[in-house]
1. Could you name the lysines in cross-link range of A:K90, using Cα to Cα under 30 Å and dropping any fewer than eight places away on the same chain?
2. Describe numerically, in nm with one decimal, the distance between label points set 7 Å from Cα along Cα→Cβ at B:R113 and at A:A300.
3. If you line up the long axis of helix A:406-420 against the longest principal axis of chain A, both from Cα atoms, how many degrees apart are they, to the nearest 10?
4. Considering all projection directions equally, how large on average is the shadow of the alpha-carbon convex hull of the stretch A:376-447, in square nanometres?
5. Using only the Cα atoms, what convex hull volume per residue in Å³ does the stretch C:47-114 have?
6. If you build the Cα gyration tensor of the stretch A:295-397 and take the root of 5 times each eigenvalue, what three semi-axes come out, in whole angstrom, biggest first?
7. For the stretch C:37-52, take each phi angle, set θ = phi - 60°, evaluate the Karplus expression 6.51 cos²θ - 1.76 cosθ + 1.60, and give the result in whole Hz per residue in order, putting x for glycine and proline.
8. Taking the stretch A:2-88, how much of its Cα-Cα pair set, in percent, is spaced more than 19 angstrom apart?
Amino acid sequence: MQTDFQTIATQAMQFIMPEGILTLFACAALVLDVMLPRDRKRFVAWVSLLGVGLAFASLWILYTSIVSKGTPRTAFFDMIVLDSYAVVFKSIFLIGAALSILLSIKYLEIEGEQRGEYYGLILFSVIGMMFMASSVDLLALFISLELMAVSVYILVGYFRRDKKSNEASMKYFLLGAFSSGVLLYGISMVYGLTGSTNLAKIAAALPIVASANFNPFGAAAPPDMRYLLLMSMILMAAGMFFKVAAVPFHMWAPDAYEGAPTSITAFMSVGVKAASFAMFGRLFLYGLPDLRGSLAGDPASGIPSLPGWALLLGIVSAITIVWGNLGALTQNNTKRLLAYSSISHAGYVLLGLIAGNQTGYTGFVIYLFIYTIMNLGVFGCIIALRRRGIVGDRMEDLNGLMKKAPGLTVMMTIFLLSLGGIPPTAGFIGKFYLFAGLIETGNPWLVRLAILAVLMSVVSLYYYIRFIRAMYIEGETEPQPVTLAPSLRVALVAAAILVIYIGVFPQRLIDLTQKAATSPGLKTYSYQQGATKPAEPATPPPARGMPGERDRQTATPPR
Amino acid sequence: MTVLLALLLQTPPRAGGPPSPGPVATPPIYGYIPIVIFFLIAVLLPVVLLGVSRLVQRQVFEREKLMPYECGVDPIGDARDRFSVRFYIVAMLFLVFDVETIFLFPWAVIYDRLAVFGLVEMLLFIGILVVGYYYAWQKGALEWA
Amino acid sequence: MRISNCESRNSQSAIRNPQFVMVPLSWYLGLSALLFTIGAVGVFIKRNAITIFLCIELMLNAVNLTFVSLSGFFGDVGGQLFVFIVMTVAAAEAAVGLAIIISIFRNRESLNVDEVDTLKL
């Protein structure tokens, strides 16, 4: 028994190698910070960059040696799973972290806030994100979410003497902590209903709990437990909507994005969002797949059928897309404008979850991947405008940029067109998969949702083109030259090349993300049968993470 | 209040009620009766004492008598003074490092079953805490000045 | 492999802990729902940052109560583990939150969230 335990545990440590390396480097960043003299703090940035690189290498080794061959493996008593979904998301976070660190170095020097804990905190939050992508237990999901969130609260308020930064941090903290509370209450109710915090066990218990006649204690007039289940689902969804800044719960985003240091705004808008979506996917696709469609009622005893989370997400994503795009139209502060734009992008990403087919899931993952790169690129260009005495976050600061820095302008144009979803760029591929997934379902409401999303991305072009107009057409208002620091230049050029490369040769990324989207456990769903699906009998609990889990689309006979 | 009392003070069911499993003959709620009595005494005692002293006393207010008590010395300044922000920092550090020890208890209970791996894992955990402690120390968070 | 009192338990046959005969589970859950609601309402109506934060802590503790009572009801330690984690996270959040609030106070001598309004539409 004991040796058995030890081999299991040692193997488990192997599975979290990338996170372990990052932990080591994050601690090293803190220690180095107090040991280095004031003018050498920049060294910490390179050390943390090395840590991200090593983590990426070990992730790659894990991928080629374990994940790409065969079935996903669980570790730490089913808390952590190592599948391609986790690997792709982890690589998103690592790329995001590496680019953010590169963007930060010069920026922090201009602000006079170059300190080691900044990089340490970025690494800690990346560790949290990576565990969020690979946890399949509510406990592990919650603690990794909090590791990420607490680090980011501090980073948002990183400029301690700046009132705006303080304020952004307080708003983000209070609303973030509140949303954690709401999420936790939902989790506790799910635990109460299903008796487990493991997502696979919850998914296995759901068909019983979600049935209209669930009566665990044999009561004469059983209460309808489905309402409780729906309420817990809504609470969990609300907590996640806060984290991804979807519309009824988006109000912190513009303030937090504007007040935070620009490099952190960039990191937050991609890392936190992608990680929250990774957790969203784990929670809803792994944990609550049976709540997607309608919950079958019992017409014989007059129990109505209830709508599932696809409806909730559909409504929220429609409102989010509309509100985010309309809100962005009137902004003059570029950081605030990009905050609204990132709200609308959260709405687009939700479409992939709603579609519920392979195309949708591929779009979900690929869009987050591409969004990370292009959004970091845009923020990098805005960071480049930060000079002595110029904040560079007003629209006017972009005026006449073409004459001052043509290279930067061209890269900014690429990123903006990509955000708008214009064909030769990567953004188009992402949007294409998301919309195609919706249309593939054939459900008239989802097709309408796709049409709405397409229309709103046309609207979004208006404000992206405002940037381009300012850069190319407006005369310059600020004579001070714009120069790119070497690290910033490397990050921007890399991001721009990636955006174009993925836009022109998307196949490799599509292959990779399709593997993630077909991870066992991500249950697909077909809307044709969804409406009239009879209440299924309890399925045997799936062997965790093993292939052969129920795939609705293939299990039901074709019509 | 009376409903609550009635609920708490109700008598245990006679034998022949629903079969109770094994050793638990009476549900633990009946253990609350002494607590109810204790609670009543705790409420009554101060009410009686204060009431009696109020009835029999002769009240004289003087400056000395109304002064805040500071170990018998004449008070200096206002009692509602602002605390130094240092108190918060020390309290925050205490809070974080104190709560972390919560994880040592479950480990200590079954550490023989977790064997060497559990020990190593706990050492890692404490190692990370020590890094945090070192950082706080070097940053001067533990110094009062 | 999780260390729990009863390994084979599914949601259909939740074990009736005798402790829950006299004070039924619904009382605990009702109390925690009440506490959670008080906390959530407080977050929206209070104006002082520290008070809002206290309300959030109340919400977290309401959740802890739910977990502990459910865990006792099921005879499963999973819920109690969750409480440990929530307590630790709450402590970490408290430390960070107080630090943020202190830095706000240093810069503007007020904790009224209505007055913290540099960032507006």
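1. Filter leaves A:K41, A:K69, A:K106, A:K171, A:K201, A:K243, A:K273, A:K335, A:K431, A:K515, A:K523.
2. 4.5 nm
3. Tilt of helix A:406-420: around 20 degrees.
4. Details: hull surface 25.6 nm².
Here the figure is 6.4 nm², rounded to one decimal.
5. Working: hull volume 3.8 nm³, N = 68.
It is 56 Å³ per residue.
6. Over the Cα atoms of the stretch A:295-397, the semi-axes work out to 40, 16, 7 Å.
7. After applying 6.51 cos²θ - 1.76 cosθ + 1.60, I find 5, 4, x, 5, 5, x, 4, 7, 9, 7, 10, 9, 4, 5, 5, 4 Hz.
8. The proportion of pairs with Cα distances above 19 Å equals 50 percent.
Just so you know, all these numbers are worked out from the coordinates, no wet-lab data involved. Being a predicted model, the structure only gives us computed values, none of them experimental. Cβ: placed from backbone, ideal geometry, glycine included. Neighbour counts: every protein chain shown.
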